[in-house]
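Colleague: What follows is a structure written as structure tokens; I'll ask about it next.
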Amino acid sequence: RSSKQRITAPNVQDDDVDLQVAGNTAFALDVYNQLRADDQGNLFFSPHSIEVALAMTWAGAGTDTETAMAGALHFELDQERLHPFFNHLDLEFSSSGGDSDEGRFELNIINKIWKCITWIINIIHICI
């Protein structure tokens, strides 16, 4: 968790929301088409979770990597505007269930990335 307090009323313009929602939709369709091409069975994935996790990574990217990631992920906003947009979107998701318990839902979003290193060990038996 960050030691910084969350901004609960991010300053996000309606035009930025429209622009990035279109980008998010394009990313979701790109991923869906790629996954669907490889597998004809049931398919479930969360493009939002993928995009949020990679947006956090994008925050640390520079120059060529930043540009390449923005293109692949369909980030239509610059760094200064994209992160407040995702904060705004998360706050919207959190409040979508209404104020009463009746009809309220809970949406849990996983948005972390862990570095995973897998070692493959080959055991060779030498018979004498």
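Colleague: Given the protein chains as shown and a 1.4 Å probe, how many square angstrom of Leu73 are accessible, to the nearest 10?
Modeller: Only protein atoms counted, so the area is about 10 Å².
Colleague: Here's something else I'd like to know. What spacing in nm lies between the two simple spin-label points modelled at Leu19 and Asp39, each 7 Å away from Cα in the Cβ direction?
Modeller: Result: 3.5 nm between the two label points.
Colleague: Per the Kirkwood formula on distinct C-alpha pairs, the Rh of the stretch 1-105 is how many angstrom? Let's see the in-between values first.
Modeller: Values: mean 1/r = 0.0647 Å⁻¹.
After inverting the mean inverse Cα-Cα distance, the result is 15.5 Å.
Colleague: Take every Cα-Cα pair in the stretch 1-49 and report what % of them are more than 18 Å apart. Display every interim value, and only then the final one.
Modeller: Numbers: 639 of 1176 pairs.
Taking all Cα-Cα pairs of the stretch 1-49, the fraction more than 18 Å apart is 54 percent.
Colleague: Which order, highest average first, do 10-21, 74-85, 58-69 follow once you tally other Cβ atoms within 10 Å for each residue and take the mean per peptide? Could you put the intermediate results ahead of the total?
Modeller: On the way: 10-21: 13.8, 74-85: 16.8, 58-69: 11.9.
Those peptides, ordered most packed to least, come out 74-85, 10-21, 58-69.
The values are calculated or read from the model by the stated rules, or taken from the named source; none is laboratory data. Predicted, not measured: the structure shown is a model, and the values here were computed from it. A quick note on method: Cβ atoms are made from the backbone with ideal geometry, for glycine too, and the neighbour counts reach across all protein chains shown. SASA here: full protein model, heavy atoms, side chains in, ligands and nucleic acids out. Shrake-Rupley method; radii C 1.70, N 1.55, O 1.52, S 1.80 Å.
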